[in-house]
Amino acid sequence: MAVVPLSDLDQLARRFVGDRHDAYSGRALARAYDEFLARRRTALAPFVLIVDGQEYSNLYALLADANAKFLTGELRLDPAPPPGAGWEFLLPFERIEFHEDGSADLHPIALGPPTRAIARILLREHYLPRSRIEEDRGASGGTRVQLGGFVGTISAGIAACRQQSLLPFSVAILLYLPEERLRYELDLLRTTVLTDPRAGRFPVLRRVRRTARLSWGVDRVVARGDLPLLASRCLEILVETSGLTSVELAYIFGGVRELVESALQGLVARDLVTLDRRTGVYRPRLEVFLPPEGALPPVAVEPLGRVSDPALRTSVQELIAAADARAVCPLCGAPLGSGPKAILCDNCAAQVGAA
């Protein structure tokens with residue numbers, strides 16, 4: 001499988017920042033490049049990228065083309081693998097068509113109509129060119145670059161990479177369907193779509209499917225960029241379960257338990273998950289990912305005394321997330337109607353879903 005050579009990234013970095021990509025920055029890029037390649041994950045299939053009618057060998061060639069805006073695009077698997085174990089936790093597809101309005105069509109491998117979705121991009125791993133002077137200035141308390149994961153349209157993500165001089169190593173394509181969110185991770189150095197880390201390591205039946213609205217809240221938290229990568233991945237998986245131990249998560253990621261334990265403790269400190277110390281089970285705090293305070297009316301409850309069982313407390317939070325009758329549309333802010341929740345109001349859903 002071909003890998004984008006380091007020289008291509010080095011050339012792009014110089015094009016972005018000029019002499020600021022000095023010898024120090026070049027060595028740092030080489031280290032980040034080697035570390036990323038060493039953390040090999042299972043590839044599902046190579047992909048071909050077509051943007052605004054032109055095919056690009058990889059995303060870096062696209063970033064180097066200042067005229068490419070990604071108004072429309074296509075990500076096509078070449079070749080598309082047949083449905084099987086590699087697709088666990090994912091919806092098998094042969095290509096994804098991206099439209100100018102931010103929507104996308106997911107074309108299944110099997111015969112059938114495409115699935116309409118809202119497409120967004122989430123930054124995973126990257127390198128930011130920094131000269132020795134800039135690095136020293138930041139280490140001594142000077143101005144530090146604040147980066148986020150930009151959960152936005154594909155075109156906005158491309159523009160952000162150019163504006164912030166980012167060299168992305170991996171990204172996630174997020175597809176918000178009416179009832180759920182799909183996440184496809186891309187290895188940009190190897191130009192491949194990756195399998196879900198749970199595939200072959202976690203029973204599909206233990207997955208708890210979340211609504212697209214709740215997943216949108218999780219993605220926004222991850223996109224802030226203040227969580228370490230391992231902590232972000234642990235959080236994303238925990239949210240789609242009723243709780244996991246550090247041993248189970250370490251097996252999923254194939255890493256050292258102590259590293260996973262440290263990442264989980266960081267999530268506990270940020271009040272994103274809870275820990276049942278009797279069983280060692282970590283559970284997500286789903287209310288954190290709901291609309292901010294003030295977007296929902298206060299809910300009157302009967303005094304039931306103190307609830308000490310973490311499993312029961314999590315169940316109540318899940319009921320609140322599922323039964324919320326006053327959710328708001330993340331695009332226009334309009335209140336959603338009662339009944340089963342989708343991520344969009346009827347007006348936005350009609351505009352996105354119009355074929």
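The values are calculated or read from the model by the stated rules, or taken from the named source; none is laboratory data. This is a predicted model, so every value here is computed, not measured. Neighbour counts run over all protein chains shown; Cβ positions are idealised from the backbone, glycine included. When the accessible area is computed, the model is the full protein with side chains, heavy atoms only, and any ligands, DNA or RNA have been set aside. Shrake-Rupley method; radii C 1.70, N 1.55, O 1.52, S 1.80 Å.
With the checklist (1) on the phi < 0 side of the Ramachandran plot; (2) open to solvent by 20 Å² or more (accessible area, probe 1.4 Å); (3) modelled with pLDDT under 95 in hand, flag the one item residue 225 doesn't pass.
(1)
Within region 24-31, can one find any residue that is within 23 Å of residue 160 (Cβ to Cβ), touching a Lys or Arg at 6+ places or on another chain (Cβ under 9 Å) and open to solvent by 90 Å² or more (accessible area, probe 1.4 Å)?
no
Return the residues of region 80-91 that are of a type in the set (A, V, I, L, M, F, W, C) and assigned to a loop (DSSP other than H, G, I, E, B); say none if nothing qualifies.
Let us first name the residues in region 80-91 that are of a type in the set (A, V, I, L, M, F, W, C), namely 80, 85, 87, 89-91.
Selection gives 80, 89, 90, 91.
Assuming residue 233 fulfils every condition listed in (1) open to solvent by less than 10 Å² (accessible area, probe 1.4 Å); (2) touching a residue at least 12 places away in the same chain (Cβ under 8 Å) apart from one, which condition is it?
(1) is the only condition that residue 233 fails.
Here are some conditions: (1) within 26 Å of residue 163 (Cα to Cα); (2) in a helix (DSSP H, G or I). Residue 49 meets all but one. Which one does it not meet?
(2)
With the structure loaded, tell me whether residue 44 is under 19 Å from the mean Cα position of the chain (by Cα) and either surrounded by 15 or more Cβ atoms within 10 Å (Cβ to Cβ) or not in a strand (DSSP E or B) (or both) or whether it fails that test.
Details: under 19 Å from the mean Cα position of the chain (by Cα): yes; either surrounded by 15 or more Cβ atoms within 10 Å (Cβ to Cβ) or not in a strand (DSSP E or B) (or both): yes.
So residue 44 fits the description; yes.
Scan region 239-261 and report the pairs whose first residue is under 22 Å from residue 285 (Cα atoms) and whose second residue is part of a helix (DSSP H, G or I) and of a type in the set (Asp, Glu), with Cβ atoms within less than 7 Å and a gap of 6+ or a chain change.
Sorted first by the residue in region 239-261, then by its partner, the pairs are 246/261.
One line per residue, one yes/no per condition, for (1) under 15 Å from residue 125 (Cβ atoms); (2) in a loop (DSSP other than H, G, I, E, B); (3) in contact with a strand residue (DSSP E or B) (Cβ under 8 Å, 6 or more places away or on another chain); (4) free of Cβ contacts under 8 Å to residues at least 40 places away in the same chain:
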residue	(1), (2), (3), (4)
4	yes, yes, no, no
17	no, no, no, no
28	yes, no, yes, no
34	yes, no, no, yes
37	yes, no, no, no
40	yes, yes, no, yes
55	no, no, yes, yes
75	no, no, yes, no
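Residue 70 passes all but one of (1) part of a loop (DSSP other than H, G, I, E, B); (2) under 28 Å from residue 204 (Cα atoms); (3) not hydroxyl-bearing (Ser, Thr, Tyr); which number fails?
It is condition (2) that residue 70 fails.
For region 102-115, enumerate the residues that are at positive phi and open to solvent by less than 40 Å² (accessible area, probe 1.4 Å).
Looking only at region 102-115, we keep the residues that are at positive phi, and these are 102, 112.
Residue satisfying the conditions is 102 alone.
Run residue 240 past the list (1) of a type in the set (D, E, K, R); (2) surrounded by fewer than 19 Cβ atoms within 10 Å (Cβ to Cβ); (3) closer than 22 Å to residue 178 by Cα and report the number of the one that doesn't hold.
Of everything listed in (1) of a type in the set (D, E, K, R); (2) surrounded by fewer than 19 Cβ atoms within 10 Å (Cβ to Cβ); (3) closer than 22 Å to residue 178 by Cα, residue 240 misses just condition (2).
Here are some residues: 178, 197. Which one is in contact with a Lys or Arg (Cβ under 9 Å, 6 or more places away or on another chain) and open to solvent by less than 30 Å² (accessible area, probe 1.4 Å)? Outline the logic, then answer.
Values: 178 fails: open to solvent by less than 30 Å² (accessible area, probe 1.4 Å).
Within the list 178, 197, the selection yields 197.
Quick one: in region 49-67, which of the residues that are over 19 Å from residue 5 (Cβ atoms) and open to solvent by less than 80 Å² (accessible area, probe 1.4 Å) is modelled with the lowest pLDDT?
Step by step, filter region 49-67, then rank; the result is 66.
Can you pull out the residues in region 84-101 that are within 30 Å of residue 164 (Cα to Cα) and surrounded by 17 or more Cβ atoms within 10 Å (Cβ to Cβ)?
To start, the set of residues in region 84-101 that are within 30 Å of residue 164 (Cα to Cα) comprises 95-101.
95, 96, 97, 98 - these are the residues of region 84-101 that are within 30 Å of residue 164 (Cα to Cα) and surrounded by 17 or more Cβ atoms within 10 Å (Cβ to Cβ).
Quick one: residue 111 ticks every box in (1) more than 30 Å from residue 11 (Cα to Cα); (2) modelled with pLDDT under 85; (3) within 21 Å of the chain's Cα centre (by Cα) except a single one, so which number is it?
(3)
Give, as residue ranges, the helices (runs of 4 or more DSSP H) completely inside region 212-260 that count at least 2 residues that are closer than 14 Å to residue 123 by Cβ. Walk me through it before giving the result.
Details: elements: 212-223, 229-239, 246-253.
Those helices (runs of 4 or more DSSP H) span 212-223, 229-239.
Just to be sure before I move on: is residue 70 touching a helix residue (DSSP H, G or I) at 6+ places or on another chain (Cβ under 6 Å) and closer than 19 Å to residue 157 by Cβ in the structure I sent?
It is true that residue 70 is touching a helix residue (DSSP H, G or I) at 6+ places or on another chain (Cβ under 6 Å) and closer than 19 Å to residue 157 by Cβ.
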